[in-house]
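Data first, discussion second: the structure below is written as structure tokens.
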Amino acid sequence: MVTPLSDDVWWYDLSGVNAYLVDDGGTLTLVDAGMPWHGTKLLAGLREAGFEVRDLERILLTHYDVDHVGGLPMFDGSDLTIYVGADDAPLVTGARASPLSNHKGLVQRLAGRFTSVPDNPVEPVDDGDTVGSFTVYDTPGHTPGHVCYVSETLSTAFLGDLVRESGGALSPSPWLISYDAGEVTRSIREFADRAPPFDVAAMGHGVPFKRRGQARLAELAATL
């Protein structure tokens with residue numbers, strides 16, 4: 001159910017989308033929450049890694065999309081906090097709907113029928129904020145509030161849908177599923193330049209890298 005990427009990071013391969021479990025210095029963290037039907041798999045993975053749902057203290061969302069927030073209802077009633085980029089936070093809380101004027105926003109609006117508003121506290125985060133050992137990096141384009149989380153302590157970056165892996169190579173989030181493909185390109189370049197060194201590159205789709213994560217991202221940025 002979960003595959004170790006390092007001593008403190010586990011990968012959920014949810015058949016097309018990824019989530020991650022992190023022991024952040026004794027604070028158990030879930031990164032992204034899969035589709036609505038992935039909730040039971042998320043719980044099973046917790047137990048396989050040696051934890052219980054009561055041990056989970058926070059969920060970090062890289063962005064609002066049904067395949068990253070769909071499993072949140074499984075954690076309703078638990079004592080945890082959800083963190084998400086400030087521009088996507090109103091979509092998670094239901095305070096705002098996705099815009100119909102953008103092709104990706106239209107897809108989000110339709111897919112939103114299959115999501116529900118979590119009853120856990122939702123904390124917006126901005127560029128440079130820290131959550132435990134994680135630093136937040138604004139990386140808009142796939143969605144306006146897309147963020148990446150980097151833990152220097154764990155030498156791990158959670159990249160969400162900024163990039164995707166296929167056949168051992170990285171590629172940018174494509175136009176069809178992004179608000180602004182040009183902004184995706186800018187975000188990749190800026191993030192590759194700003195981020196500290198990290199080994200594990202944990203993206204939302206594809207097989208995560210255990211080694212040379214930042215170097216591989218920099219190689220992609222140099223081609224854009």
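Rounded, prolate or oblate: which one fits segment 1-121, using the alpha carbon gyration tensor with axes a ≥ b ≥ c (rounded when a/c is under 1.5, else prolate when a/b beats b/c, else oblate)? Spell out each step's value before the answer.
Details: a/c = 2.07, a/b = 1.73, b/c = 1.20.
The shape class here is prolate.
Around A97, what is the net charge, scoring Lys/Arg as +1 and Asp/Glu as -1 over all other residues with Cβ under 12 Å from its Cβ?
On the way: positive: R96, R109, R113; negative: none.
Its environment carries a net charge of +3.
Nearest 0.05, what FRET efficiency do T130 and L100 give at R0 = 35 Å with Cβ-Cβ as r?
Values: r = 35 Å, r/R0 = 1.00.
Efficiency computed from Cβ-Cβ geometry: 0.50.
Give me the extension gain from M1 to R186: residue separation times 0.36 nm, minus the current Cα-Cα distance, reported in nm with one decimal.
63.1 nm
For segment 60-183, what is the relative contact order in percent, using Cα pairs closer than 8 Å and at least 6 residues apart in sequence? Working shown, then result.
Values: 224 pairs, mean separation 31.9, N = 124.
In percent, rounded to a whole number, it is 26.
Label segment 63-208 by shape, choosing from rounded, prolate and oblate, from the square roots a ≥ b ≥ c of the eigenvalues of the Cα gyration tensor; if a/c is under 1.5 it is rounded, and otherwise prolate applies when a/b is larger than b/c, oblate when it is not.
It comes out oblate by the Cα gyration axes.
What does a probe at R47 reach in segment 66-88, counting residues whose amide N is under 19 Å from the point 7 Å along Cα→Cβ?
71-79
From the Cα gyration tensor of segment 115-201, with a ≥ b ≥ c the square roots of its eigenvalues, which class applies: rounded if a/c is under 1.5, or else prolate if a/b is larger than b/c, or else oblate?
oblate
Determine the relative contact order of the chain: mean sequence separation of Cα pairs under 8 Å and six or more apart, normalised by residue count, in whole percent.
Numbers: 512 pairs, mean separation 35.1, N = 224.
Here the relative contact order equals 16 percent.
Just going by the charge dipole of the chain, with Lys and Arg at +1 and Asp and Glu at -1 on Cβ, which of L110, A218, G94 is farthest out on the positive end?
In the chain, that residue is L110.
Search the structure for amide H atoms under 5 Å from the amide H of D13, placed 1.01 Å from N in the peptide plane, and list their residues when 5 or more places away or on another chain.
Excluding prolines and chain starts, which carry no amide H, the hits are T3.
Place a point 7 Å from Cα of L224 in the direction of its Cβ. Which residues in segment 83-117 have their backbone N less than 14 Å from it?
So the set is empty, nothing qualifies.
Counting alpha carbon pairs within less than 8 Å and at least 6 residues apart, what relative contact order, in whole percent, applies to segment 1-126?
21
Could you give the accessible area per residue of the chain, probe 1.4 Å, as a whole number in Å²? Before the final figure, lay out each step's value.
On the way: 9400 Å² over 224 residues.
Averaged over the residues of the chain, the accessible area is 42 Å².
The values are calculated or read from the model by the stated rules, or taken from the named source; none is laboratory data. Just so you know, these numbers come straight off a predicted model, no measurement behind them. Here Cβ is always computed from backbone atoms with ideal geometry, including for glycine, and neighbour counts include all displayed protein chains. Ligands, DNA and RNA are excluded from the accessible area calculation, which covers all protein heavy atoms including side chains. Shrake-Rupley method; radii C 1.70, N 1.55, O 1.52, S 1.80 Å.
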